[in-house]
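Readers should treat all values here as calculations from the given coordinates under stated rules, not as data from a laboratory. Remember, predicted model here, so these are calculated numbers, not experimental data. Every residue, glycine among them, receives a Cβ derived from its backbone with ideal geometry; neighbour counts consider all protein chains shown.
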Amino acid sequence: MYKVALITGDGIGPELSESVTNVLHAINDKAGIKLEITTVEAGDDALKKTGRAMPDSTLDTIKKSDACLKAPVGESAADVIVFLRRALDLYANIRPAKSYPNMPVLKENIDLVIVRENTEDLYTGMEFDVGDSAVALRTISEHASKRIAKYAFMTATQRNRQRKVTCVHKSNVMRKTDGLFSRSCAQVAEDFGNIAFEQMYVDACAMNLIRQPESFDVIVTTNLFGDILSDEAAQVVGGLGMAPAANIGENFALFEPVHGAAFDIAGKQAANPSSFILSAKMMFEWLAMKNNDVRSLEIAKKIEEAVYSVVSDGIKTKDIGGNNTTREFTQKVISKVI
Ligand code: ATP
């Protein structure tokens, strides 16, 4: 039995949460794996109700769970997700960009993953007013850079595709911080002689993600660059509605869509739940690895195959060129997953 804490979020968060809960309940009933899902509050609504975007009780429940599923939160995102990543030391943010059939895209057959350092960089929130200026501190450490580089090389080893890691930075301008990141990755690369290693400036990477996305396997990069490049990579394969993510630490992990609360489409049944359903798939993969649990791995495969099959059949939400609602899409996924 696995305990899963679910943050239902803001904007389209509650619709995505309903969708993923229904998929998980179907799995609970039919797939022979027990999940205990506890809904917890965090985000803009929690802030209004309790005065805190991340109430202590939420953090307690998350810590007592085996994993956390987090729908997007709104304006208070920094107090929720940036806080959780640091508080739980979820140092690796894994953001796959993978082609699914029937997407409104220019290129097919993309399968890359962005491994984003999740605890440092400009995300530490160290900002100050100095005279008439505002100053932000960017921290990059050798420890965190080597830790994320190692994770990227392990990912490339396990994926067993092109077996390549691309280290992305801007060390020609940020010589100290990105210089350290680049050097640290290069040092780790020496321990993985069977994986190709290349370095790329972030602007060139942004261009190449459009020009030749198929040339990438694993991209490892710093926090802010990873945030920006993963939205771009998501669009290359069909859009944010198809983009899941995992935040992984030594002992705990949290799974969430790449995108934010998308207030423009909230409450309209227009959200694509794939991003959150595929995040749940990543959760089962992680649970499988952590607990040596073959059944969880089978469920992960089933979820991915179900989404693949649903979009192949032309059942799609508006963002990917269809006219199905969030609930219709979810029902189809459920019918294929069990
Ligand atoms: P954040 O900075 O919090 O990530 P953002 O400003 O990048 O947020 P998002 O909320 O991530 O904005 O989404 C950008 C746009 O993409 C939304 O306005 C919405 O139209 C679209 N979008 C995002 N997620 C989905 C989804 N699951 N289904 C359909 N459309 C989506």
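So how much slack lies between ASP264 and ASN109, counting 0.36 nm per residue of separation and subtracting their Cα-Cα distance, in nm?
Gain on stretching ASP264 to ASN109: 52.8 nm.
Work out the length of the dipole vector of the chain about its Cα centre, built from +1 on the beta-carbon of each Lys and Arg and -1 on the beta-carbon of each Asp and Glu, and round it to the nearest 20 debye.
Approximately 820 debye in magnitude.
Can you list the trypsin sites (Lys or Arg not before Pro) in region 1-34 that are in a DSSP coil and have 12 or fewer other beta carbons within 10 angstrom?
LYS34
Under the rule of at least 5 residues apart or a separate chain, name every residue whose amide H is placed under 5 Å from the amide H of LYS70.
Residues meeting the criterion, in which the H sits 1.01 Å from N, are ILE7, PHE255, GLU256.
Only Cα pairs under 8 Å and at least 6 apart count here; give the relative contact order of the chain as a rounded whole percent.
Relative contact order, the chain: 22 percent.
First select every other residue whose beta carbon is under 13 angstrom from the beta carbon of ALA270; then total the charges, Lys and Arg +1, Asp and Glu -1.
0
Restricting to DSSP loop positions (anything but H, G, I, E, B) with no more than 14 other Cβ atoms inside 10 Å of their own Cβ, which trypsin sites (Lys or Arg not before Pro) remain in region 246-338?
Here the sparse-neighbourhood loop sites are LYS268.
Can you give the three extents of the C-alpha atoms in region 209-275 along their principal axes, from longest to shortest, in whole Å?
That gives 37, 36, 19 Å along the principal axes, largest extent first.
Determine which lysines satisfy two conditions relative to LYS176: a Cα distance under 24 Å, and not lying fewer than 8 residues away in the same chain.
Result set, ordered by chain and number: LYS146, LYS150.
Write down, largest first, the equivalent ellipsoid semi-axes of region 106-236 in whole Å, where each equals the square root of 5 times an eigenvalue of the alpha-carbon gyration tensor.
Taking √(5λ) for each eigenvalue gives 26, 18, 12 Å, largest first.
At a threshold of 8 angstrom on Cα-Cα distance, excluding pairs fewer than six apart, so keeping six or more, what relative contact order does region 246-313 reach in percent?
26
Report, by chain and number, residues whose modeled amide H sits under 5 Å from the one on ASN118, excluding near sequence neighbours (fewer than 5 apart, same chain).
For ASN118, whose amide H was placed from the backbone, the distant partners under 5 Å are ASN93.
Mind listing the Cα extents of region 16-127 along all three principal axes, in Å, largest one first?
45, 43, 24
Can you list the residues, at least 5 places off or on another chain, whose amide H is less than 5 Å from the amide H of ASP10, using H built in the peptide plane?
Placed amide hydrogens put VAL73, GLY74 under 5 Å from ASP10.
If I model a spin label as a point 7 Å beyond the Cα along the Cα-Cβ vector, how far apart are those points for LYS176 and LYS30 in nm?
Computed distance between label sites LYS176 and LYS30 equals 5.8 nm.
Viscosity 0.692 mPa s, temperature 37 °C: give me the Stokes-Einstein translational D for the chain in µm²/s, with Rh taken as the Kirkwood radius over C-alpha pairs.
162
Please report, in whole Å, how far the alpha carbons of region 81-155 spread along each principal axis, starting with the longest.
For region 81-155, the Cα spread along each principal axis is 53, 31, 20 Å.
Under the definition of Cα pairs under 8 Å and six or more residues apart, what whole-number percent is the relative contact order of region 106-236?
37
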